[in-house]
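Worksheet for the structure shown next.
What follows draws every value from the coordinates through simple rules; no lab data is involved. As the structure is a prediction and not an experimental result, all values here were calculated from the model. For neighbour counting, all protein chains shown are included, and Cβ atoms are generated from backbone atoms with ideal geometry for every residue, glycine included.
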Amino acid sequence: MFKLPPTQALTGHGSFKTYTFKIGKTRDASCVYCGEEDSPRHTLFSCERWAGIRRECEVGIGDVITANNMVDYMLQSETKWKEIERAMTRIMTTKEQDERRHEGTRNN
Ligand SMILES: [Zn+2]
């Protein structure tokens, strides 16, 4: 089953500035890597920062992963489920590490 980071990704809560902006934690909703709106869809399917991780996953799946086909692929086989879950988890954990590092420097 899903662990925490992919669940956050699907609900849009957690480490997305569209969410942290809404709850007043950040001053804007733009992606720290590219300046576009930092929504779950942006992070997982279009932000260039994560293109490498997505590409590895897509080689395994044999297709470009989108918000529309992700769940279908995950339900096709356990291998694909794990492949996609691993990519999403890597993106989310790396992003959260980046954010923690950023917060650390801001508070100094
Ligand atoms: Zn971005």
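Put simply, the amide H of residue 37, placed in the peptide plane, has neighbours under 5 Å in 31, leaving out anything fewer than 5 places away on its chain. Per-peptide packing, taken as the mean over residues of other Cβ atoms within 10 Å, places 35-45, 68-78 in the sequence 35-45, 68-78 from highest down. In plain terms, the chain from residue 68 to residue 100 could stretch by 8.5 nm, reckoned as 0.36 nm per residue minus the Cα-Cα distance. Annotation for residue 32 and residue 48: the two label points, set 7 Å from Cα along the Cα-Cβ direction, are 1.9 nm apart. Applying 1/(1 + (r/R0)^6) with r as the Cβ-Cβ distance of residue 75 and residue 55 and R0 = 25 angstrom yields a FRET efficiency of 0.70.
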